[in-house]
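In what follows, a single structure is set out as structure tokens and then discussed.
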Amino acid sequence: PYSVNLRSLDRTDNIEAWQVSEGFFDFIGVSPLLGRTLEATDFGIGRPAVAVLDHGFWQSRFGGASSVVGQSITLDGVPVTIVGVMPREVALPEPTNLWLPWLVDSAQKENRFA
């Protein structure tokens with residue numbers, strides 16, 4: 001887990017995020033409420049940055065709008081596309097605001113979103 005800065009037009013908030021490995025969502029066996037979870041191609045170096053939102057965060061920050069999938073948010077100054085929203089009962093590995101691909105290449109150690 002780590003904190004990221006979510007910037008919007010009128011404010012910047014520090015939120016909790018989890019970087020998860022490929023297959024994480026398959027392992028927990030829960031389908032997204034909206035959109036999709038992280039796919040194998042999301043873990044490639046140089047791929048566009050994507051995120052899956054926690055249900056509570058989706059409700060509080062985006063008003064539960066189904067149009068959130070495909071929208072771009074800015075995390076630590078990097079544009080990140082929202083690809084999915086998880087159902088209410090998912091709070092793994094612990095409560096979080098969103099999940100991101102864990103990129104383990106050495107080039108990624110300095111920049112989470114290269």
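What the table shows:
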| item | result |
| --- | --- |
| Any hit, the stretch 3-15, residues being assigned to a helix (DSSP H, G or I) and either open to solvent by less than 20 Å² (accessible area, probe 1.4 Å) or out of contact with any Cys (no Cβ under 6 Å at 6 or more places or on another chain) (or both) | no |
| Residues that are surrounded by fewer than 16 Cβ atoms within 10 Å (Cβ to Cβ) and touching a strand residue (DSSP E or B) at 6+ places or on another chain (Cβ under 8 Å), drawn from the stretch 53-73 | S66, G70, Q71, S72 |
| Looking only at the stretch 16-49, and only at residues there that are outside any strand (DSSP E or B) and polar (S, T, N, Q), the one that is nearest to V90 (Cα to Cα) | S31 |
| Filtered residues of the stretch 23-47 (kept if among the charged types (D, E, K, R) and either in contact with a Gly (Cβ under 9 Å, 6 or more places away or on another chain) or open to solvent by less than 30 Å² (accessible area, probe 1.4 Å) (or both)) | R36, D42 |
| Residue in the stretch 77-89 that is without any contact (Cβ under 8 Å) to a residue 40 or more places away in the chain, touching a Phe, Trp or Tyr at 6+ places or on another chain (Cβ under 8 Å) and open to solvent by less than 40 Å² (accessible area, probe 1.4 Å) present | yes |
| Condition met for V50 (modelled with pLDDT of 95 or more and either open to solvent by 60 Å² or more (accessible area, probe 1.4 Å) or of a type in the set (V, I, T) (or both)) | yes |
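The values are calculated or read from the model by the stated rules, or taken from the named source; none is laboratory data. Source: prediction; values computed, not measured. So basically every Cβ, Gly included, is an ideal-geometry build from the backbone, and we count neighbours across all protein chains shown. Note: areas computed on protein heavy atoms with side chains; ligands, DNA, RNA excluded. Shrake-Rupley method; radii C 1.70, N 1.55, O 1.52, S 1.80 Å.
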